[in-house]
Number of protein chains: 2
Amino acid sequence: MRKLLILLLTVPYFATAQSSQDSLNIKKMADEIMRNGKAYDLLRELTKQIGGRLAGSPQQQNAAIWGKRNLEAFQADKVYFQAVKTPNWKRGGNDFAAISAINGKAQLRPMKALALGNSLGSNGLIEAEVIVFASFDEMEKRKDDIKGKVVYFHSVFDPTKFQTFRAYAESGVFRRVGPSRAAKYGAVGVMIHSLSTATDNEPHTGSMVYDEAYPKIPALALGPEDAKELYELSKKLTVRVQLQTYGFFLPDADENNVVAELKGSEFPEEIITVGGHLDSWDINEGAHDDGAGIVQTMEILRTMKAINYRPKRTIRFVLFANEENGMRGGNEYANQAKMNQEKHIYALESDEGGFTPRSIGISCSKEQWKKFQAWSPLFKPFGGELTLGGTGADIGPLVKVNPAIVLSGLIPDSQRYFDLHHAKTDVFENVNKRELLLGAVNMAAIIYLIDQHGTNP
Amino acid sequence: MRKLLILLLTVPYFATAQSSQDSLNIKKMADEIMRNGKAYDLLRELTKQIGGRLAGSPQQQNAAIWGKRNLEAFQADKVYFQAVKTPNWKRGGNDFAAISAINGKAQLRPMKALALGNSLGSNGLIEAEVIVFASFDEMEKRKDDIKGKVVYFHSVFDPTKFQTFRAYAESGVFRRVGPSRAAKYGAVGVMIHSLSTATDNEPHTGSMVYDEAYPKIPALALGPEDAKELYELSKKLTVRVQLQTYGFFLPDADENNVVAELKGSEFPEEIITVGGHLDSWDINEGAHDDGAGIVQTMEILRTMKAINYRPKRTIRFVLFANEENGMRGGNEYANQAKMNQEKHIYALESDEGGFTPRSIGISCSKEQWKKFQAWSPLFKPFGGELTLGGTGADIGPLVKVNPAIVLSGLIPDSQRYFDLHHAKTDVFENVNKRELLLGAVNMAAIIYLIDQHGTNP
């Protein structure tokens, strides 16, 4: 009885003391980041000195060298390149789209347009009638009308979805598989409404994948205003369009994941990964996507060293080589991990923009969630919390290494993200310093907690 | 026993059915706002066609007329002006500040500066040595060194405060009372570090109040970069500055609160107020401060009419005439309410910017909070929640009418607000459409719930 009493008294006391120590250590990291954070200056360098960095570009090579140099300067225990073969797609020219005739009457109304990533060039100017669909169901019903035409998919976002990533997932299907679905019925080209929430007319690129069974027709995203005009016109009138694109592939490129490591002092074999992807599209600075995730990752290393934090487990800070048009970086990281029989217990990615953090989303078992949920109040002083469900494209392949790995993602406020995602407006000027740093604070907090307490329930 | 059982079964069932009906009605309003909202277009009109609208300016007169016309067009039961005498401060010229000598060596380094609102002109160019203080304590210790000098208060924000309004409250005291505190010891002018979180060099104005006991010396806010440079220089060297301002007051102006009303069908005597303030500073478009609150208020009226919502209680949509440099709008609204013996049960203000809503903050009794807290999950689909504590400058005076009134405020994400608050960067382009509309959604939801269920615990 006496023993039980002591236990009853001790456990909560210990839990409180531990949680209070965690709270102090997290506050220490947070203060360091908010006062002396370098993430914003690093982002300025990455976006303004290096710029857009599609896999295979000289900029991507420079970005990897820049990342390695800075991670070394922040005094990781070791920093190394991990070779990755990436796709090497080139836009090849200035994409062109225009309305060329309405009801038989010739006229030229250029539209703002960007070829979709991985799409192939049109081999000269294409001119054809437009046929409009707001869904694949609509298309199936009129599949016999498609031959020889350009299909326009009216892939607008549902404005009533608070979580804009859900609207993106719904509309995004037209970008990813629309071109081949239309080519199947004889379309000669595909245009989509940009996957955009913006009030401007900027087109948004992004990757698509051809189905090898059908002709590889050109595919473009139109600026939202031009797309809406085309949609309205085509509903009532016969509209013809011109389009020309230039996309092509060079042989796969030699790129690198950049990996920095802090060696664990107690459980060095247990690996925690935090990262983002270094590549971006060619037409912008990749500031939010995913420069933000890159510099937040680097900031956490800097901060841990600055406050002399010595981790119990091994922490890897990874700048993945290629996400946008191939996912090769994350896949290679997982391949190497599997080959080396590494023990990966947890991974965190930041790839939803450098906006104010709303939560860290965690994918784990019910039993683990009980443990993590108890940490949630520790994030409140920094505007965050822990929520169930979350991961990242680059860390996803780690389930091949450890099916029980806990995956997670920084979930920032998503209202502005699709205003600029894959558009030329994704530039440094649209990233806010405090918001970017607060993301790093919330990320540092979860990395710290996992490092201290592991992932076992 | 049987009766008790029925009660036990009925109450939760009723509660669930009611809550489910509430959820449906709120979703209906939310969909209407996100799909057909006019708030963003109204804000464009207010900021681009009318512009900055300090009390006493022709723009402020135009804004009131514009507001009344639109509230009428949205078919309120009645719309009327409520006369308000407001201060009529004029900036009077291009405020000037410069470093003029360092360690006796003449040089001219102009600094970006704005006179503080309500401050009086310098009557010509002032030239004097600078003395620097980071706190009033420091100033008190060196009060004998102040005579004949210009005091510079290093009123920088604490970057570690997640809630930026707390940092603002701390540093803001230098703006509000710093000039007279320095004049007391013989200072000839005061400069402060702008109350800014921005990474730019824009000065931020804002109101100050003279203590009638001391000379009314000129007072300016410096751009953050210039302020930091002045601070660093003055710590080690003798720095002299020049400054010139032109502020003056005309006789009080005749302005108007704009009030629109939906008459309650069941409890017309119970009044719910929602509003923002129509005035802004002279040097920007007042887009976030408080154009956002104005157009969100108007949006709620539009939406209730659009979905044919007939309120039980009387809802007032109020565009307050003057907040920035006098608080006269809110005071007059409360005066009239008291004179007319109105029964005010609830008021909501939006005056913290048009950013993504984080919560509706409510000030109420413990018993009421239990009732309101149960509604909190209804806000989750729109990114919000209900939190304890919140009000607004314009609705605050209503406690004089009903000490038990429930006051509340929209609490948006605050990370960007002080980047542009009272600076020339507070323009339409820095407001995001979705964020603005989501604020209106969360506001509409709480107005609806209070209208349906009242404020009694």
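The values are calculated or read from the model by the stated rules, or taken from the named source; none is laboratory data. What you are looking at is a predicted structure, and each value in this text was computed from that prediction instead of being measured. Ideal geometry is used to build each Cβ from the backbone, glycine not excepted, and the neighbour counts take in all protein chains shown. Accessible surface is based on the protein model in full, side chains and every heavy atom, while ligands, DNA and RNA are left aside. Shrake-Rupley method; radii C 1.70, N 1.55, O 1.52, S 1.80 Å.
Among the criteria (1) open to solvent by less than 40 Å² (accessible area, probe 1.4 Å); (2) touching an Asp or Glu at 6+ places or on another chain (Cβ under 9 Å); (3) under 27 Å from A:LYS161 (Cα atoms); (4) within 14 Å of chain B (Cβ to nearest Cβ), the one A:PHE418 does not fulfil is (2). Within region A:194-206, none of the residues are more than 14 Å from chain B (Cβ to nearest Cβ), over 30 Å from B:ARG44 (Cβ atoms) and touching a Gly at 6+ places or on another chain (Cβ under 6 Å).
Is it the case that region A:144-160 has a residue that's without any contact (Cβ under 8 Å) to a residue 40 or more places away in the chain, within 14 Å of chain B (Cβ to nearest Cβ), surrounded by fewer than 17 Cβ atoms within 10 Å (Cβ to Cβ) and assigned to a loop (DSSP other than H, G, I, E, B)? Yes, because at least one residue in region A:144-160 is without any contact (Cβ under 8 Å) to a residue 40 or more places away in the chain, within 14 Å of chain B (Cβ to nearest Cβ), surrounded by fewer than 17 Cβ atoms within 10 Å (Cβ to Cβ) and assigned to a loop (DSSP other than H, G, I, E, B). As for region A:130-138, it holds no residue that is within 14 Å of chain B (Cβ to nearest Cβ), in a loop (DSSP other than H, G, I, E, B), surrounded by fewer than 21 Cβ atoms within 10 Å (Cβ to Cβ) and within 31 Å of the chain's Cα centre (by Cα).
With respect to (1) acidic (Asp, Glu); (2) open to solvent by 10 Å² or more (accessible area, probe 1.4 Å); (3) assigned to a helix (DSSP H, G or I), the lone exception for B:ASP290 is condition (2).
Got at least one residue in region A:322-332 being of a type in the set (S, T, N, Q), more than 24 Å from A:LEU436 (Cα to Cα) and touching a strand residue (DSSP E or B) at 6+ places or on another chain (Cβ under 6 Å)? Yes, region A:322-332 contains a residue that is of a type in the set (S, T, N, Q), more than 24 Å from A:LEU436 (Cα to Cα) and touching a strand residue (DSSP E or B) at 6+ places or on another chain (Cβ under 6 Å). A:ASP200 meets the conditions (1) over 23 Å from the mean Cα position of the chain (by Cα); (2) in a loop (DSSP other than H, G, I, E, B) in every case but one. The failed one is (1). The condition of being within 14 Å of chain B (Cβ to nearest Cβ), open to solvent by 30 Å² or more (accessible area, probe 1.4 Å) and either in contact (Cβ under 8 Å) with a residue 12 or more places away in the chain or not aromatic (Phe, Trp, Tyr) (or both) holds for only one of A:LYS424, A:LYS433, A:LYS400, that being A:LYS433.
A quick yes/no check of all residues on (1) open to solvent by 10 Å² or more (accessible area, probe 1.4 Å); (2) in contact (Cβ under 8 Å) with a residue 40 or more places away in the chain; (3) over 18 Å from B:LEU43 (Cα atoms):
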| site | (1), (2), (3) |
| --- | --- |
| B:PHE248 | yes, yes, yes |
| B:ASP254 | yes, yes, yes |
| B:ASP279 | no, yes, no |
| B:PHE320 | no, yes, no |
| B:GLU323 | yes, yes, yes |
| B:ALA337 | no, yes, yes |
| B:TYR346 | no, yes, yes |
| B:PHE355 | no, yes, no |
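Go through region A:359-397 and give me each residue that's more than 14 Å from chain B (Cβ to nearest Cβ) and in a loop (DSSP other than H, G, I, E, B). Correct list: A:CYS364, A:SER365, A:ALA374, A:TRP375, A:GLY389, A:GLY390, A:THR391, A:GLY392, A:ALA393, A:ASP394, A:ILE395. If you go through region B:217-246 and keep only what is open to solvent by 10 Å² or more (accessible area, probe 1.4 Å) and in a strand (DSSP E or B), you end up with B:ARG240, B:GLN242, B:GLN244. The residues listed here are B:ILE271, B:ILE294, B:ILE307, B:ILE217; of these, the one that is under 26 Å from B:HIS421 (Cα atoms) and outside the structural domain of B:VAL150 (by TED's automatic domain parsing) is B:ILE294. Of the numbered criteria (1) open to solvent by less than 10 Å² (accessible area, probe 1.4 Å); (2) part of a strand (DSSP E or B); (3) more than 14 Å from chain B (Cβ to nearest Cβ), the one A:PRO268 fails is (1).
When restricted to residues that are surrounded by fewer than 24 Cβ atoms within 10 Å (Cβ to Cβ) and in contact with a helix residue (DSSP H, G or I) (Cβ under 6 Å, 6 or more places away or on another chain), region A:53-64 contains 2.
Specify the residue that is farthest from A:GLN242 (Cα to Cα); the eligible residues are those in region A:94-108 that are part of a strand (DSSP E or B) and open to solvent by 80 Å² or more (accessible area, probe 1.4 Å). Residue satisfying both the conditions and the ranking: A:LYS105. Residues of region B:23-38 that are open to solvent by 40 Å² or more (accessible area, probe 1.4 Å), over 18 Å from B:PRO311 (Cα atoms) and free of Cβ contacts under 8 Å to residues at least 40 places away in the same chain: B:ARG35 alone. Here A:ALA182 passes the criteria (1) of a type in the set (A, V, I, L, M); (2) over 18 Å from A:GLN244 (Cα atoms); (3) assigned to a helix (DSSP H, G or I) except the one numbered (2).
Taking the criterion of being under 12 Å from B:SER119 (Cβ atoms), buried (at least 21 other Cβ atoms within 10 Å of the Cβ) and free of Cβ contacts under 8 Å to residues at least 40 places away in the same chain, the residues of region B:169-216 that qualify are B:SER180, B:ALA183.
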